[in-house]
Amino acid sequence: MRKTTLVNSLTPIAVVLVLASIYGFWYKRSRGKIRNVERPAEGALTADILGEPLGQRATLVQFSSAFCTPCRATKALLQNVVAEMNDVHHIDIDAEAHLDLVRKLDIRSTPTTLFLDSRGIEVGRAVGAPRRDQVTSALSALR
Amino acid sequence: MTQVTSQPTKSITIDARGPRFSAGITVVVLATALATQSAWVLALQGVVFAIGAFRGPQFTPYAAIFRKVVRPRLKGEVPTEDVRPPQFAQSVGLLFVLVALVGSLTGIGAIFVIATGAALAAAFLNVAFDFCLGCEIYLLLLRLR
């Protein structure tokens, strides 16, 4: 019966690795993707709420936290993208210090980036680090 | 005056490949513990997690192997990362190991298997998918408060 015990002992490992892989592929696919937001959780976000002025055409609101490796790269990318656009602003918010806002906007993980239109209404959201081309095409859709 | 934007606090950066390599060894050790149902193997991993959680992931025996054996053989630009995200992950790993050991001591095998399995899943996701545990769970934990 040696064979049976070997199978028994390897079953938990196999289950864990299969489930983790399924989650992992979903994680890789979904992180960074910019989703359109049809019905924003909040009304317009204002400079008062965010602590910094909005961009005339669009605003990127990034939520970051201390235990987040891709937050740094995302911040550098978004700052770099908006550097060439004077009508788009990037605001980096420490999620931990603004839990009320985090709850209201239902931010679940970092980095999460909200794409606001000229009125401050959320029209898109990226969970995880987005790619440069995704950001620029989302911004070019905002007039 | 409240600070809305996050300030860059003084932080240590380390070679980002180190924690991922360490997670690879962790996967092997946790899988061994799970297959053999060995609390001793798990306790050893618990000691490594404790060093990583309290002193930092760059001070674990696995990190020493990375520095002495693996790193000299790697070429190219060194990717760096803040030490805090992997340190957070080590703390979560330690928590899972402690729960599993409680399961083992109290004779509840299901607790041992589930907690060890959870730690294995997180370490495997880190190696295979560059999974960032702190990104996914830290904010959820804060929101529970």
field: Residues satisfying the stated conditions in segment A:63-75, i.e. open to solvent by 50 Å² or more (accessible area, probe 1.4 Å) and among the small types (G, A, S)
entry: A:A73
message: Against the condition surrounded by fewer than 22 Cβ atoms within 10 Å (Cβ to Cβ), outside any loop (DSSP other than H, G, I, E, B) and of a type in the set (D, E, K, R), how does A:E38 come out, does it pass?
response: no
message: of a type in the set (D, E, K, R), within 14 Å of another protein chain (Cβ to nearest Cβ) and surrounded by fewer than 16 Cβ atoms within 10 Å (Cβ to Cβ): is that true of A:D94 in this structure?
response: no
message: Any residue at all in segment B:77-100 that's farther than 30 Å from A:L10 by Cα, open to solvent by 40 Å² or more (accessible area, probe 1.4 Å), away from every other protein chain (no Cβ under 14 Å) and touching a residue at least 60 places away in the same chain (Cβ under 8 Å)?
response: yes
query: Which of the residues belonging to segment B:123-132 are hydrophobic (A, V, I, L, M, F, W, C) and more than 8 Å from chain A (Cβ to nearest Cβ)?
result: B:A123, B:V127
statement: The helices (runs of 4 or more DSSP H) lying entirely within segment B:42-145 that contain at least 1 residues which are small (G, A, S) and under 26 Å from A:Y23 (Cα atoms) are B:84-105, B:109-129, B:133-144
query: Considering segment B:28-40 alone, what residues qualify as being modelled with pLDDT of 95 or more and either open to solvent by 40 Å² or more (accessible area, probe 1.4 Å) or assigned to a loop (DSSP other than H, G, I, E, B) (or both)?
result: B:V28, B:T32, B:W40
Selected residue (only one of B:I25, B:I65, B:I51, B:I12 is at pLDDT 95 or above, away from chain A (no Cβ under 11 Å) and farther than 30 Å from A:L6 by Cβ): B:I51
message: Just to check your reading of the model, which residue among A:L60, A:L78, A:L54, A:L45 is farther than 16 Å from A:L139 by Cβ and either open to solvent by less than 50 Å² (accessible area, probe 1.4 Å) or in a loop (DSSP other than H, G, I, E, B) (or both)?
response: A:L45
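The values are calculated or read from the model by the stated rules, or taken from the named source; none is laboratory data. None of these values were measured; they are calculated from a predicted model. Every residue, glycine among them, receives a Cβ derived from its backbone with ideal geometry; neighbour counts consider all protein chains shown. Each accessible area value is taken on the protein alone, full model and side chains, heavy atoms only, with ligands, DNA and RNA left out. Shrake-Rupley method; radii C 1.70, N 1.55, O 1.52, S 1.80 Å.
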